[in-house]
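The values are calculated or read from the model by the stated rules, or taken from the named source; none is laboratory data. Worth saying up front: this structure is predicted, and the values here are computed from it rather than measured. Every residue, glycine as well, gets a Cβ built from its backbone with ideal geometry; the counts of neighbours run over all protein chains shown. Accessible surface areas use protein heavy atoms only, side chains included; no ligands, DNA or RNA. Shrake-Rupley method; radii C 1.70, N 1.55, O 1.52, S 1.80 Å.
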Amino acid sequence: MCLAIPARVVSIDKDDMATVALEGIRKPVSTALLEEVAVGDYVLVHVGYALHKLSEEEAERTLQLMAEAGVLAEELEDMAGEPAAGAGA
Amino acid sequence: MKYIKEFRDGKLAQKLALAIRQEADPGRRYHLMEFCGGHTHAIFRYGVQDLVPQNVEYVHGPGCPVCVLPVRRLDDAVELALKTNVILTTYGDMMRVPGTKQKSLIRAKAEGADIRMVYSTQDALRIARENPQRQVVFFAIGFETTTPPTAVAILQAKAEGLKNFSVFCNHVLTPPAIAHIVNAPAEPGEAPVKIDGFLGPSHVSSVIGCTPYEPAARDFRKPVVIAGFEPLDVMQSTLMLIRQINEGRHEVENQYTRVVTREGNRKAQKLVDEVLELRRTFEWRGLGYVADSALKIRETFAAFDAEERFALSPKESREVKSCECPAILRGVKKPTECKLFGTVCTPDNPMGACMVSSEGACAAYWSYGRNREAVAAAKGAAA
Ligand code: SF4
């Protein structure tokens with residue numbers, strides 16, 4: 001539950017929301033916890049909130065490591081709004 | 001399993017493993033508690049334990065939000081969902097945790113309770129907006145990482161004048177738990193837990209920063225190294241802890257500098273402080289009642305506090321008999337010492353919280369323990 005996933009900000013929306021993109025998934029996230037955010041920033045997303053800004057390099061390295069560790073698919077599923085396997089039964 | 005081999009054969013992992021071997025004093029044992037389930041996961045997945053010498057031992061900590069929620073609070077949520085007409089919203093991890101008499105939220109749902117899994121507190125707010133005639137309760141659990149989103153949702157609900165949204169708040173704090181683990185007397189009949197240092201939380205620290213761990217490190221003379229969740233982070237942090245222990249230091253050091261700063265996320269801290277305040281005491285599975293270890297909703301936001309809005313009855317809550325989760329969360333037992341492990345209790349049919357959550361020690365043992373044994377056997381055969 002404490003995992004966080006890096007994603008790129010593709011638009012700044014109203015009410016402290018932004019849209020992030022990751023592996024073809026677009027998702028609204030809250031940016032209420034960040035001081036400032038701009039299109040193109042990489043952010044660490046945790047339960048639908050951008051927690052922290054990351055450099056692009058760091059974001060990519062983290063994603064690669066998460067993919068290798070097999071946790072990326074799970075997080076993406078959560079993000080896309082489909083229950084993770086086993087949890088929806 | 002290719003990535004595991006790649007990681008283990010990688011230059012950096014080898015270099016760190018060598019440095020750890022060289023610097024760990026063979027004349028002593030190093031008991032390092034990794035607080036977070038995320039670390040437990042990485043240690044198992046990548047077989048980090050096998051890359052460090054035998055006298056460096058990882059002790060699994062209580063940093064699994066689902067695992068430490070006491071059964072009483074889960075029973076409260078089940079009651080709320082079953083006995084009132086609310087829509088109970090919760091993070092997916094919570095759904096399958098067995099409560100008293102093995103009643104989980106998923107069972108309550110099967111019995112007709114309206115329980116909905118959400119990814120974010122924003123989804124819970126949306127459900128409240130879409131169902132103005134129904135009360136919507138968000139069952140909030142988690143450490144400091146997960147707390148700011150709850151605070152934001154309450155502030156938003158207030159700003160919007162949402163009258164049908166409230167939060168059942170179960171947020172807990174990491175530093176008091178660390179202090180409790182090293183300071184609490186052992187349970188009767190149990191040996192005291194041995195810990196020489198802590199691998200500190202990753203994303204929790206991105207919110208709270210480094211300073212909240214300083215009193216515990218100083219008072220109990222235990223070094224803390226805030227560690228990232230990747231296996232190389234864990235190894236580097238292990239080396240930093242071994243150095244501190246060898247030199248008799250007990251400082252808070254930060255290995256995860258790419259995300260964690262000394263002061264943390266000030267904005268998130270401010271939002272949390274605006275909405276939530278310390279609870280005098282709170283129960284943790286395994287640790288019992290810990291003073292000042294949790295947060296509750298401030299009086300000014302009482303309208304959004306499910307505990308104020310709904311009368312919950314006192315209950316006789318009970319854990320599944322012979323589930324060793326409590327001792328495992330204290331760091332004094334290993335999952336394999338539970339007689340239900342792998343037989344009666346598996347991820348498909350979990351008897352305790354530590355088997356439900358992927359951050360739980362039992363789930364980590366189940367998923368990777370066998371692989372680890374195979375690696376150890378291969379090593380033995382090659383030697
Ligand atoms: S194996 Fe199952 S029953 Fe045993 S301690 Fe772990 S969760 Fe509890």
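Pick out, from the range B:235-341, the helices (runs of 4 or more DSSP H) lying fully within it that include 3 or more residues that are surrounded by 21 or more Cβ atoms within 10 Å (Cβ to Cβ) and within 16 Å of the ligand (Cβ to nearest atom). Show your work before the answer.
On the way: elements: B:266-275, B:306-309, B:325-329.
Those helices (runs of 4 or more DSSP H) span B:325-329.
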Residue pairs qualifying under the 6 Å Cβ cut-off, at least six apart or on distinct chains, with the first in the range A:40-54 being under 17 Å from A:Thr19 (Cβ atoms) and the second being in a strand (DSSP E or B) and charged (D, E, K, R), are A:Asp41/A:Lys53; A:Tyr42/A:Arg8; A:Val43/A:Lys53
Spot the failing condition for B:Gly228; the list is (1) more than 22 Å from B:Lys334 (Cβ to Cβ); (2) surrounded by fewer than 18 Cβ atoms within 10 Å (Cβ to Cβ); (3) at pLDDT below 95, and only one is missed. (2)
Does the range A:14-33 hold any residues that are at pLDDT below 95, at negative phi and not in a strand (DSSP E or B), and which are they? A:Lys14
Given the conditions (1) over 21 Å from B:Ala294 (Cβ atoms); (2) surrounded by 24 or more Cβ atoms within 10 Å (Cβ to Cβ), every one holds for B:Val172 apart from (1)
Any residue in the range A:41-56 that is away from chain B (no Cβ under 12 Å), polar (S, T, N, Q) and over 22 Å from B:Ala124 (Cα atoms)? no
Among helices (runs of 4 or more DSSP H) completely within the range B:145-219, the ones holding 2 or more residues that are more than 14 Å from every other protein chain (Cβ to nearest Cβ) are B:174-183
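In this structure, is B:Thr121 within 14 Å of chain A (Cβ to nearest Cβ), surrounded by 17 or more Cβ atoms within 10 Å (Cβ to Cβ) and under 17 Å from the mean Cα position of the chain (by Cα)?
Details: within 14 Å of chain A (Cβ to nearest Cβ): yes; surrounded by 17 or more Cβ atoms within 10 Å (Cβ to Cβ): yes; under 17 Å from the mean Cα position of the chain (by Cα): no.
Considered against the rule, which asks whether it is within 14 Å of chain A (Cβ to nearest Cβ), surrounded by 17 or more Cβ atoms within 10 Å (Cβ to Cβ) and under 17 Å from the mean Cα position of the chain (by Cα), B:Thr121 comes out as no.
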Name the pairs: first residue in the range B:350-365 and among the β-branched types (Val, Ile, Thr), second residue more than 7 Å from the ligand (Cβ to nearest atom) and in a helix (DSSP H, G or I), Cβ to Cβ under 9 Å, at least 6 apart or on different chains? B:Val356/B:Val66; B:Val356/B:Cys67; B:Val356/B:Asp93; B:Val356/B:Met94; B:Val356/B:Ala363
Please tell me if B:Ala140 is modelled with pLDDT of 95 or more, closer than 29 Å to B:Thr300 by Cβ, within 12 Å of another protein chain (Cβ to nearest Cβ) and buried (at least 24 other Cβ atoms within 10 Å of the Cβ). yes
From the list B:Gly63, B:Gly47, B:Gly99, pick out the single residue that is surrounded by fewer than 24 Cβ atoms within 10 Å (Cβ to Cβ) and at pLDDT below 95. B:Gly47
Taking into account only those residues within the range B:79-106 that are charged (D, E, K, R) and closer than 19 Å to B:Ser313 by Cβ, which is nearest to the other protein chains (Cβ to nearest Cβ)? B:Lys103
Say whether the condition of being assigned to a strand (DSSP E or B) and either closer than 17 Å to B:Pro231 by Cα or open to solvent by 30 Å² or more (accessible area, probe 1.4 Å) (or both) is met by at least one residue in the range B:71-81. no
Would you call B:Asp348 within 16 Å of the ligand (Cβ to nearest atom), open to solvent by 60 Å² or more (accessible area, probe 1.4 Å) and within 14 Å of chain A (Cβ to nearest Cβ)? yes
Within the range B:19-27, is there a residue that is farther than 26 Å from B:Ala179 by Cα, in contact with a helix residue (DSSP H, G or I) (Cβ under 9 Å, 6 or more places away or on another chain) and open to solvent by less than 10 Å² (accessible area, probe 1.4 Å)? yes
